[in-house]
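Visitor: Sharing a structure below in structure tokens format, with a few things to ask.
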Amino acid sequence: MMRLAHLTDLHFPIEGAPAADALMSKRALGYLSWRRKRRFRHQAGALGAILEDCRLNAPDLAVITGDVTNIALPSEFETAARELRGGVDAARTVFTPGNHDAYVAAPWASGLGRLAFLMRGERDGESGAREAQGPDDFPFVRRTGGVAVILANSSPPTAPGLATGRLGEAQLRRLKTELLAARARDEARVVALHHPVTAGAVSWRKALSDAGDLRALLAETGAELVLHGHLHRSLWDSVETPDGPRPVAGGASASHPSAHGEYRPARYTLFAFERDGARWRITADVRELDPETGRVETAERRQLL
């Protein structure tokens with residue numbers, strides 16, 4: 001059995017007030033949103049409890065589908081790198097960016113590049129794994145226990161007021177190659193990205209612009225599971241493949257201190273992959289923070305395949 005953890009939308013808190021010149025961009029609106037409401041919805045204590053529970057459950061691989069920052073300040077990437085180095089098993093953790101991690105165009109070295117140690121995998125048929133060298137160095141693949149996790153980057157920088165995603169033709173082409181290669185190896189294939197693939201899951205200004213192209217690709221090549229974030233709430237859906245419908249799991253935010261509206265307290269999901277003859281079986285345990293006790297417990301269990 002291979003066990004995979006899915007975490008998303010961690011949103012490590014902004015530590016201290018940014019310098020005025022750091023907010024001379026789209027970041028100004030984002031920081032205002034953080035001060036007014038988001039800092040109350042994403043808190044370090046809740047996230048710490050989730051990371052500790054994940055560490056204790058010791059999955060074979062943990063997948064983080066983006067948004068570890070809020071407005072992509074260099075200091076936020078420093079915080080995220082420090083906390084993740086201390087809070088997860090980096091050798092068994094992978095990451096792909098979210099729209100908040102690409103909030104504005106920024107130098108790789110002082111931004112996403114600080115998390116390159118979590119973007120290590122096989123690329124373009126190269127022998128051996130290496131770290132990402134830039135935001136276009138996707139998809140990459142991590143293999144363990146007969147499962148191939150293929151991570152795509154759906155998060156280019158966007159204009160103010162937009163949180164849209166896009167994979168682009170080149171990345172879709174490479175994704176197809178990786179999916180077919182994993183199928184030939186008889187591996188269970190997991191596609192991970194930040195934006196949802198489900199039509200209508202979010203408004204147009206937050207949607208993946210080429211989600212239809214991705215769904216068409218999966219209908220041609222197949223995959224056993226698709227993981228995404230972005231919604232801050234759980235979403236269970238399916239996508240058509242040559243082998244029939246296959247599950248799509250949208251993860252909830254890992255840093256909510258409590259429930260509010262349609263959102264649950266901090267969550268992450270533990271998936272178990274097992275071979276049953278020629279088929280794969282996938283079960284999902286959703287682990288959720290209890291705000292009263294501070295403990296993380298299983299709140300939901302699903303048989304996906």
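Visitor: Test ALA80 against the criterion of being surrounded by 19 or more Cβ atoms within 10 Å (Cβ to Cβ), touching a residue at least 40 places away in the same chain (Cβ under 8 Å) and more than 22 Å from HIS195 (Cα to Cα), and give yes or no. It would help to see each step written out before you state the result.
Guide: Numbers: surrounded by 19 or more Cβ atoms within 10 Å (Cβ to Cβ): yes; touching a residue at least 40 places away in the same chain (Cβ under 8 Å): yes; more than 22 Å from HIS195 (Cα to Cα): no.
No; evaluated as a whole, the condition is false for this residue.
Visitor: Further question on the same structure: Would you mind stating whether GLY66 is under 16 Å from PRO13 (Cβ atoms), surrounded by 16 or more Cβ atoms within 10 Å (Cβ to Cβ) and touching an Asp or Glu at 6+ places or on another chain (Cβ under 8 Å)? Don't jump to the end; show me each part of the working.
Guide: Working: under 16 Å from PRO13 (Cβ atoms): no; surrounded by 16 or more Cβ atoms within 10 Å (Cβ to Cβ): yes; touching an Asp or Glu at 6+ places or on another chain (Cβ under 8 Å): yes.
For GLY66, the condition - under 16 Å from PRO13 (Cβ atoms), surrounded by 16 or more Cβ atoms within 10 Å (Cβ to Cβ) and touching an Asp or Glu at 6+ places or on another chain (Cβ under 8 Å) - is not met.
Visitor: While we're looking at this one, here's another question. Going by what's in this entry, would ARG142 be described as closer than 23 Å to ARG3 by Cβ and of a type in the set (Lys, Arg)?
Guide: So ARG142 passes the test.
Visitor: Now for a separate question. Could you tell me how many of the residues in segment 229-239 are surrounded by 17 or more Cβ atoms within 10 Å (Cβ to Cβ) and touching a Ser or Thr at 6+ places or on another chain (Cβ under 6 Å)?
Guide: Residues in segment 229-239 being surrounded by 17 or more Cβ atoms within 10 Å (Cβ to Cβ) and touching a Ser or Thr at 6+ places or on another chain (Cβ under 6 Å): 2 in total.
Visitor: May I pose another question? So, of the residues in segment 1-45 that are assigned to a loop (DSSP other than H, G, I, E, B) and among the hydroxyl-bearing types (Ser, Thr, Tyr), which turns out to be surrounded by the most Cβ atoms within 10 Å (Cβ to Cβ)?
Guide: Applying the filter and picking the extreme gives THR8.
Visitor: Continuing with the same structure: Any idea which residue in segment 241-298 is farthest from ASP9 (Cα to Cα), counting only those that are surrounded by fewer than 19 Cβ atoms within 10 Å (Cβ to Cβ), at pLDDT 95 or above and aliphatic (A, V, I, L, M)?
Guide: Checked segment 241-298; the qualifying residue farthest from ASP9 (Cα to Cα) is ALA272.
The values are calculated or read from the model by the stated rules, or taken from the named source; none is laboratory data. Predicted model, so just to flag it, every value in this text is computed and none were measured. Quick reminder, even Gly has a Cβ in these numbers, built from the backbone with ideal geometry, and neighbours come from all protein chains shown.
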